[in-house]
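**Q** After the structure tokens below, expect a handful of questions from me.
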Amino acid sequence: MGRAFVYVIVGGGVAAGYAAHEFVKRGVSHGELCIISEESVAPYERPALSKGYLLPEDPARLPSFHCCVGSNEEKLTPKYYKEHGIELILNTQVKSADVRRNTLQTATGETISYKILIVATGARPLKLEEFGVSGSDAANVCYLRDMVDAERLVNVMQSSSGGNAIVIGGGYIGMECAASLAINKLNVTMVFPEAHCMARLFTTKIASYYEEFYKSRGVKFIKGTVLTSFDFNTDGKVTAVNLRDGSKLPADMVVIGIGIRPNTSLFEGQLTLEKGGIKVNGSMQSSNSSIYAVGDVAAFPVKIFGETRRLEHVDCARKSARHAVAAIMEPEKTGEFDYLPFFYSRVFTLSWQFYGDNIGEVFHFGDFSGKTFGAYWIHNGHLVGSFLEGGTKEQYEAIAHATKLKPAIEDVTELERQGLGFALSM
Ligand code: FAD
Ligand code: NDP
């Protein structure tokens, strides 16, 4: 049994949704494109799962956050795919790929062939077991990657109302889930190995602002240690977490956010990999010219830094997907992907954006006891990264623009003095 398409997208997340939108904009014909996804719903804006989806009142639910509402464009409900003749094959895992034959094998035993394949398989959460701790499958231990996880997290959260939530990991999932759990009135404790939260991006000074804000909302921090084991009751539910520093914390629920691994396994040994992802060129094309990779799974040349990187953020998923489709449909008109890395988060009443790279020396500006402050990163005499909390649309656009220009910085004291004014004057 088999079907054949001109274009196949494997994976049905953010990148798949934006790729489908771009295919339609560029005139894909009915019946040419299919999306194969393990998930049971059409592509949606994954960032909603750790924010609006977890709100205690009026939480976000599908269809409100299908792609491409996250970039203020039309909402691609299942009807959209039908109307544009795009086959949405849901609840279907691709089990293997044969890049020499241009075929995919699904878990239902179907063979699907393609002329052009876009790999948009995203990533999977790292499990505790990979760090030697067992208990991931306990009923009150939650991960957060997809809708099934989010539904489960909401149920566990509601049944733990007023209780103790332990959040393991001080990265994006940890920070956003801790805020949501506190908003839902749980007693939240965050545990992570680093000296401060968001250690890969935030400076000590920036992190301290957020930690103080979290503390003012009742969140506790236990830093510099890791989870070593759980205590369970007779139902197999976790009742406490044990930490390497010898402490034991009672727990009604646990949320784990300790990083991800890109879903590359279908293509290992068949495509060139780099930085844990599928290596692609400036057209998002892999070592096999019929196969493109986009989103979390793609390692691509970031022109502004002159090196290959893999980025795990939604803006990159959206733009890399659009770029790949442009390169496929109109290669002669499409240049190399020229991407400025952009990360953001929203927690409680706070909201920050970061553009570029956080290497080199850092210079803070603004009022760290107030609402708007930020930082610039200077590397080899040039501005390479900018962070801003509490900015307006115009201010965020200004730091993005300034970072993209990579201006030479001759006088850092002047830069510090001007602060946000420096970006606004560019
Ligand atoms: P995904 O969106 O993960 O999609 C991958 C898809 O592939 C899934 O549908 C998966 O089921 C499917 N799949 C995988 N393997 C197979 C297979 N073998 N067969 C069939 N289907 C398969 N980024 C930000 O910049 N800002 C944010 O605020 C933000 N919030 C986030 C909140 C959460 C809870 C999470 C989990 C991520 C968040 N991110 C955020 C990161 C962002 O969502 C990802 O970078 C983005 O989703 C990557 O898009 P993608 O299409 O590459 O992967
Ligand atoms: P992150 O990589 O952001 O953070 C993982 C954190 O867990 C790091 O602080 C890491 O420390 C720590 N950690 C690693 N191992 C352990 C351990 N054994 N015990 C305790 N802590 C540990 O990953 P997340 O899981 O938070 O996020 C998953 C994905 O979702 C990422 O791709 C992220 O970009 C995305 N996401 C993005 C959001 C956004 O952009 N706003 C929001 C939500 C998710 P170390 O650095 O030392 O390894």
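The values are calculated or read from the model by the stated rules, or taken from the named source; none is laboratory data. Predicted, not measured: the structure shown is a model, and the values here were computed from it. We place every Cβ from the backbone using ideal geometry, glycine too, and count neighbours over all the protein chains shown. For accessibility, only protein heavy atoms count, side chains too; no ligands or nucleic acids. Shrake-Rupley method; radii C 1.70, N 1.55, O 1.52, S 1.80 Å.
**Q** Looking at D245 and the list (1) modelled with pLDDT of 95 or more; (2) on the phi < 0 side of the Ramachandran plot; (3) open to solvent by 50 Å² or more (accessible area, probe 1.4 Å), which single condition is not satisfied?
**A** (1)
**Q** Next up: Output the residue which, of all residues in the stretch 334-347 that are among the hydrophobic types (A, V, I, L, M, F, W, C) and either at pLDDT below 95 or not in a strand (DSSP E or B) (or both), is farthest from K215 (Cα to Cα). Please lay out each step first, then the result.
**A** Step one: list which residues in the stretch 334-347 are among the hydrophobic types (A, V, I, L, M, F, W, C), which gives 337, 340, 342-343, 347.
Next cut, either at pLDDT below 95 or not in a strand (DSSP E or B) (or both) only: 337, 340.
Numbers: F337: 41, L340: 33 Å.
Per the stated criteria, the residue is F337.
**Q** Let me ask another. Given the residues E361, E394, which is the only one that is without any contact (Cβ under 8 Å) to a residue 60 or more places away in the chain, more than 30 Å from R217 (Cα to Cα) and more than 12 Å from ligand 1 (Cβ to nearest atom)?
**A** Working: E394 fails: more than 30 Å from R217 (Cα to Cα).
After applying the criteria, what remains is E361.
**Q** In the stretch 119-147, which residues are among the β-branched types (V, I, T), outside any loop (DSSP other than H, G, I, E, B) and within 29 Å of F300 (Cβ to Cβ)? Even if it seems obvious, please write down each step before you answer.
**A** First, pick out the residues of the stretch 119-147 that are among the β-branched types (V, I, T): 119, 121, 133, 141.
Filter again for outside any loop (DSSP other than H, G, I, E, B), leaving 119, 141.
Listed by number, the list holds a single entry, V119.
**Q** Any chance you could count how many residues in the stretch 391-426 are part of a loop (DSSP other than H, G, I, E, B) and in contact with a helix residue (DSSP H, G or I) (Cβ under 8 Å, 6 or more places away or on another chain)? Before you say what the answer is, go through the steps one by one.
**A** If we filter the stretch 391-426 for residues that are part of a loop (DSSP other than H, G, I, E, B), which is where we start, we get 391-392, 406-407, 409-411, 419, 425-426.
Checking the rest, the ones that are also in contact with a helix residue (DSSP H, G or I) (Cβ under 8 Å, 6 or more places away or on another chain) come to 391, 406, 409, 425-426.
Of the residues in that region, 5 qualify.
**Q** Here's a follow-up. Suppose we filter K205, K223, K237 for residues that are away from ligand 1 (no atom under 16 Å from the Cβ), out of contact with any His (no Cβ under 9 Å at 6 or more places or on another chain) and among the basic types (K, R); which single one remains? Outline the logic, then answer.
**A** On the way: K205 fails: out of contact with any His (no Cβ under 9 Å at 6 or more places or on another chain); K223 fails: out of contact with any His (no Cβ under 9 Å at 6 or more places or on another chain).
After ruling out the rest, the residue left standing is K237.
**Q** Here is a further query. Tally time: how many residues in the stretch 278-306 are modelled with pLDDT under 95 and either among the acidic types (D, E) or not in a helix (DSSP H, G or I) (or both)?
**A** Of all residues in the stretch 278-306, those modelled with pLDDT under 95 come to 303-306.
Those left that are additionally either among the acidic types (D, E) or not in a helix (DSSP H, G or I) (or both): 306.
Qualifying residue count, the stretch 278-306: 1.
**Q** Right, next: Can T106 be described as within 18 Å of G11 (Cα to Cα) and more than 16 Å from ligand 2 (Cβ to nearest atom)? Show your work before the answer.
**A** Numbers: within 18 Å of G11 (Cα to Cα): yes; more than 16 Å from ligand 2 (Cβ to nearest atom): yes.
Criteria met by T106.
**Q** Ok, one more. Residues that are open to solvent by less than 20 Å² (accessible area, probe 1.4 Å), within 16 Å of ligand 2 (Cβ to nearest atom) and outside any strand (DSSP E or B): does the stretch 348-360 have at least one?
**A** Kept after step one, since they are open to solvent by less than 20 Å² (accessible area, probe 1.4 Å), are these residues of the stretch 348-360: 350, 352, 354, 356-357.
Add one more test, that the residue is within 16 Å of ligand 2 (Cβ to nearest atom), and what stays is 350, 352, 354, 356-357.
Of the ones still in play, those that are also outside any strand (DSSP E or B) are 357.
Scanning the stretch 348-360, I find at least one residue that is open to solvent by less than 20 Å² (accessible area, probe 1.4 Å), within 16 Å of ligand 2 (Cβ to nearest atom) and outside any strand (DSSP E or B), so the answer is yes.
**Q** Please state which of the following conditions Q105 fails to meet, knowing it meets all the rest: (1) open to solvent by 10 Å² or more (accessible area, probe 1.4 Å); (2) within 12 Å of ligand 1 (Cβ to nearest atom); (3) touching a helix residue (DSSP H, G or I) at 6+ places or on another chain (Cβ under 8 Å); (4) not in a loop (DSSP other than H, G, I, E, B).
**A** Evaluating Q105 over (1) open to solvent by 10 Å² or more (accessible area, probe 1.4 Å); (2) within 12 Å of ligand 1 (Cβ to nearest atom); (3) touching a helix residue (DSSP H, G or I) at 6+ places or on another chain (Cβ under 8 Å); (4) not in a loop (DSSP other than H, G, I, E, B) leaves (3) as the failure.
**Q** I'm checking my understanding of the structure. Among residues of the stretch 296-321 that are open to solvent by less than 40 Å² (accessible area, probe 1.4 Å) and out of contact with any Pro (no Cβ under 9 Å at 6 or more places or on another chain), which one is farthest from E32 (Cα to Cα)?
**A** F300
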